[in-house]
């Protein structure tokens, strides 16, 4: 079996354009992958087609060699943009392998380790940055069966908080905790926005609400600062979604103070690289909660990864809180029932693209979340801009 072509498609979700790839073989089998990279959908798409000649004619079973050709052999450090292009191809190859073997991908990565996957809700708090709004929406999420939910209460703040902004952020966290009760896990998103001092002030203030984690409180590239915050914070720190290579994980793990890692399969070049990182984290007695706030193919890929990972902690779900047409652009989309994902047994990723539906939602350059502009949490899309 040989790779003969790669096609790409973009779905214009208002808050982030989703980039999908279709890897086609001479056997008639094909696989689908995803390479979504926030603002750079067109850039990653171009990268896929620039990389494509390196692997045409190759056997899609040769995941390691394909990855080496796409990463090592180009001799370019392209960070997340480069790795998302690689991931789109690599994930599609796993889909092909699963179909060829008539097995779900997790059975090709060591087998199923979990009966079902606990999920946490993200993206549910679309609306005004007011405690009452967050509380009302949190109650609705918990009523759907979720036992964990993530949110960013910090508005468009960057590096520091005024006293008023600090108090409002804590009021939002307090309102959510009061709304959902003591047994629901709160996951507080920082979006890499703070300096070290502010991050520690925030962590100390939120500790009374007993969040399960404080995510990416400081910029990920300053690994020493991440470790310092983690060592001094009374709230567990979760991070790793922005890393684009295993060396960054190794450096962070060497400090011995972060035990919840969030590898993003797209930023790391695919599923196999992420599974290796999960083993590194396991060797340091840590847990993984892979980042999965992209499109529906990434969600399905993360289900396969998490099913085969012993030290899996919790699965991120944005899908239920996106545009309603998301479930129409793939077959068999990931679904959450009473806060858990049932693990499918269909071959490969277990889903397929509905290209006709994707073409109804074209790329728009404005499709992004402007995290440092007032009102971004309303997620009103390009119409508001």
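The values are calculated or read from the model by the stated rules, or taken from the named source; none is laboratory data. Given the structure is predicted, the values throughout are model-derived calculations rather than measurements. Reconstructed Cβ throughout: ideal geometry from the backbone, glycine too, with neighbour counts over all protein chains shown.
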Exercise. So which residues in the range 226-237 are in contact with a strand residue (DSSP E or B) (Cβ under 9 Å, 6 or more places away or on another chain) and not in a helix (DSSP H, G or I)?
Worked result: 233, 235, 236, 237
Problem set entry | Residue match in the range 130-138 (condition: touching a residue at least 40 places away in the same chain (Cβ under 8 Å), touching a helix residue (DSSP H, G or I) at 6+ places or on another chain (Cβ under 7 Å) and within 16 Å of residue 379 (Cα to Cα)) | yes
Seminar exercise, completed: Filter the range 113-122 for residues that are part of a loop (DSSP other than H, G, I, E, B) and touching a strand residue (DSSP E or B) at 6+ places or on another chain (Cβ under 8 Å); the one that is surrounded by the fewest Cβ atoms within 10 Å (Cβ to Cβ) is 113
Problem set entry | Selection within the range 139-156 - over 30 Å from residue 106 (Cα atoms) and free of Cβ contacts under 8 Å to residues at least 60 places away in the same chain | 139, 140, 143, 153, 154
For this session: Confirm whether residue 326 is surrounded by 21 or more Cβ atoms within 10 Å (Cβ to Cβ), touching a residue at least 60 places away in the same chain (Cβ under 8 Å) and in the same structural domain as residue 238 (by TED's automatic domain parsing).
Result: yes
Problem set entry | Only listed residue being assigned to a loop (DSSP other than H, G, I, E, B) and in the same structural domain as residue 191 (by TED's automatic domain parsing), chosen from 362, 370, 344, 374 | 344
Problem set entry | Number of the exception - residue 293 against (1) buried (at least 24 other Cβ atoms within 10 Å of the Cβ); (2) closer than 27 Å to residue 324 by Cα | (1)
Exercise. Can you find even one residue in the range 262-272 that is touching a residue at least 12 places away in the same chain (Cβ under 8 Å) and at positive phi?
Worked result: yes
For this session: Would you be able to tell me the number of residues in the range 270-295 that are touching a strand residue (DSSP E or B) at 6+ places or on another chain (Cβ under 6 Å), part of a helix (DSSP H, G or I) and farther than 17 Å from residue 112 by Cα?
Result: 1
Seminar exercise, completed: Filtering the range 296-321 down to residues that are touching a residue at least 40 places away in the same chain (Cβ under 8 Å), outside any helix (DSSP H, G or I) and surrounded by fewer than 20 Cβ atoms within 10 Å (Cβ to Cβ) yields 310
